[in-house]
Amino acid sequence: MDLIRIICAILLPPLGVFLQVGIGGAFWLNILLTLLGYIPGIVHAVWVIAKR
């Protein structure tokens, strides 16, 4: 299941974070990072998925 989340995180970072933690602080932070730059959003999403 983590592999699917990581693939979602690469394609659409907020979706990967949402699947892992739901709507919360990490989700909104990831949306902000994705809007500021796609790569920071991906890095944050993979980090959140790998951490849990």
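The values are calculated or read from the model by the stated rules, or taken from the named source; none is laboratory data. Note that this is a predicted model, so its numbers are computed, not measured. Because the Cβ atoms are built from the backbone with ideal geometry, glycine has one as well, and the counts that use them run over all protein chains shown.
Could you count how many residues in the range 13-52 are β-branched (Val, Ile, Thr) and farther than 15 Å from Met1 by Cα?
Residues meeting the conditions: 6.
Kindly indicate whether Gly22 is surrounded by fewer than 13 Cβ atoms within 10 Å (Cβ to Cβ), free of Cβ contacts under 8 Å to residues at least 60 places away in the same chain and either out of contact with any strand residue (DSSP E or B) (no Cβ under 7 Å at 6 or more places or on another chain) or small (Gly, Ala, Ser) (or both).
In short, yes.
For the range 13-32, enumerate the residues that are closer than 16 Å to Ala50 by Cα and either modelled with pLDDT of 95 or more or under 10 Å from the mean Cα position of the chain (by Cα) (or both).
Result: Pro13, Pro14, Leu15, Gly16, Val17, Phe18, Leu19, Gln20, Val21, Ala26, Phe27, Asn30.
Only one of Ile6, Ile42 is touching a residue at least 12 places away in the same chain (Cβ under 8 Å) and either surrounded by fewer than 20 Cβ atoms within 10 Å (Cβ to Cβ) or of a type in the set (Phe, Trp, Tyr) (or both); which?
Testing whether each residue is touching a residue at least 12 places away in the same chain (Cβ under 8 Å) and either surrounded by fewer than 20 Cβ atoms within 10 Å (Cβ to Cβ) or of a type in the set (Phe, Trp, Tyr) (or both) leaves just Ile6.
Against the conditions (1) modelled with pLDDT of 95 or more; (2) buried (at least 17 other Cβ atoms within 10 Å of the Cβ), where does Leu35 fall short? Just the number, please.
So the condition that Leu35 fails would be (2).
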